[in-house]
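Written below as structure tokens is the structure these notes are about.
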Amino acid sequence: MVERIVQGVGVVNRLSVAVMLDGIREQVDDGEGNITTTYSPREQEEIERLTAIVKSAVGFSADRNDQVEVFSIAFD
């Protein structure tokens, strides 16, 4: 019996992942009882750490030309 396997089952050719993170919201009291909410995007250092975590979780491979993008946006 001769068996020829051209490509294994479940081969991933390329992986693309996009992650959107809400920024940081803080409630600020102005001292007179008025509370306002301020928004600030996440710092680049935090985004880079989270990008590394996502790459590890999805099995990122640069040889396969995989792409991972992590953004900080306001969800509102």
How many residues does region 11-30 hold that are open to solvent by 70 Å² or more (accessible area, probe 1.4 Å) and either under 13 Å from the mean Cα position of the chain (by Cα) or free of Cβ contacts under 8 Å to residues at least 24 places away in the same chain (or both)? 9
Among the residues that make up region 33-47, is at least one of them open to solvent by less than 50 Å² (accessible area, probe 1.4 Å) and modelled with pLDDT of 95 or more? yes
What single numbered condition from (1) open to solvent by less than 100 Å² (accessible area, probe 1.4 Å); (2) free of Cβ contacts under 8 Å to residues at least 24 places away in the same chain fails to hold for VAL54? (2)
It is to be established whether one or more residues within region 47-54 are among the polar types (S, T, N, Q) and under 20 Å from the mean Cα position of the chain (by Cα). yes
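The values are calculated or read from the model by the stated rules, or taken from the named source; none is laboratory data. The structure displayed is predicted, hence computed values, not measured ones. Virtual Cβ from ideal backbone geometry, glycine too; neighbours counted across all protein chains shown. To get the accessible areas, we keep the full protein, side chains included, count just its heavy atoms, and leave off ligands, DNA and RNA. Shrake-Rupley method; radii C 1.70, N 1.55, O 1.52, S 1.80 Å.
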